[in-house]
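One structure below.
The values are calculated or read from the model by the stated rules, or taken from the named source; none is laboratory data. Everything numeric here is computed off the predicted structure, so don't read it as measured data. Neighbour counts run over all protein chains shown; Cβ positions are idealised from the backbone, glycine included.
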Amino acid sequence: MISVYSIAALVLAYLLGSIPSAVWIGQAFYGIDVREYGSGNAGATNTFRVLGKKAGIIVMVMDISKGFTATKLAYFIGLSVTGPHASTQFVNYELALGVTAVMGHLFPVFAGFRGGKGVATLFGMVLAVNFPAAMLCVLVFVVVLLVSNYVSLSSICAGFTFPLSIVFVFHSSIKAEVLYGMCVCVLIMVTHQKNLERLLKGKESKVYLFRKKKS
């Protein structure tokens, strides 16, 4: 049932997602709008490329926190959910709020509606909804990143890991969660279309976390 609290939570989730971490960090501490450099996206990956590891890590943590916090707003509007389908309804609340936060990241009202690709915010949402699946996604992301040094490829692989894991590993019976997992794959493929093109052409930029980039 839609209530004033539900609407307020959705608005707050969007505003949380709209916090342009990369833009604000870049402008406040480096005098740079990351959207004018690199891939042109206001996200953690481009921040790593343009501003370096320290700024990239800060932005990534902030973006993950946006998705996680927005999703957990479900506790404020889902307290009255009872009955045999309470668990499913609560997850639906979480997913709706998380998706709204991701949309805020993609189209932030605080930054002229020019945001990032939403991967970190998506992860924060997954972390809040299904922690074990989120950890498996992290493992896949780290392994692929260490092997390839491509953040985009790592994000895509981690994105596909989520729906596969909740179906075949954790056997989730919540249809909305499975559907969301499939939507995650579609969204990541759409937002990473240019990255995929660059990967196929061998022109995608690499990110070296534990060693210096080769000259």
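Report, by residue number, each residue of the range 1-31 that is in a loop (DSSP other than H, G, I, E, B) and surrounded by 17 or more Cβ atoms within 10 Å (Cβ to Cβ). I'd like the intermediate steps shown before the answer.
Step one: filter the range 1-31 for residues in a loop (DSSP other than H, G, I, E, B), giving 1-3, 18-20, 30-31.
Hits for the range 1-31 are SER18, ILE19, PRO20.
Return the only residue of ASN149, ASN195 being touching a helix residue (DSSP H, G or I) at 6+ places or on another chain (Cβ under 7 Å), among the polar types (S, T, N, Q) and modelled with pLDDT of 85 or more. Let's see the steps before the verdict.
Values: ASN149 fails: touching a helix residue (DSSP H, G or I) at 6+ places or on another chain (Cβ under 7 Å).
After applying the criteria, what remains is ASN195.
Looking at GLY112, GLY98, GLY78, GLY118, which one is at pLDDT 90 or above, of a type outside the set (A, V, I, L, M, F, W, C) and touching a helix residue (DSSP H, G or I) at 6+ places or on another chain (Cβ under 7 Å)? Before the answer, list the steps.
Values: GLY112 fails: touching a helix residue (DSSP H, G or I) at 6+ places or on another chain (Cβ under 7 Å); GLY78 fails: at pLDDT 90 or above; GLY118 fails: at pLDDT 90 or above.
Exactly one of GLY112, GLY98, GLY78, GLY118 is at pLDDT 90 or above, of a type outside the set (A, V, I, L, M, F, W, C) and touching a helix residue (DSSP H, G or I) at 6+ places or on another chain (Cβ under 7 Å), namely GLY98.
Can you tell which of ALA9, ALA44, ALA13 is small (Gly, Ala, Ser), modelled with pLDDT under 95 and under 18 Å from the mean Cα position of the chain (by Cα)? Let's see the steps before the verdict.
Details: ALA9 fails: under 18 Å from the mean Cα position of the chain (by Cα); ALA13 fails: modelled with pLDDT under 95.
After ruling out the rest, the residue left standing is ALA44.
Show me the helices (runs of 4 or more DSSP H) entirely contained within the range 51-157 in which 1 or more residues are under 15 Å from the mean Cα position of the chain (by Cα), crowded, with 19+ Cβ neighbours inside 10 Å and free of Cβ contacts under 8 Å to residues at least 60 places away in the same chain. Lay out the reasoning, then the answer.
Details: elements: 53-72, 74-77, 86-106, 119-129, 131-148.
By residue number, 53-72, 86-106, 119-129, 131-148.
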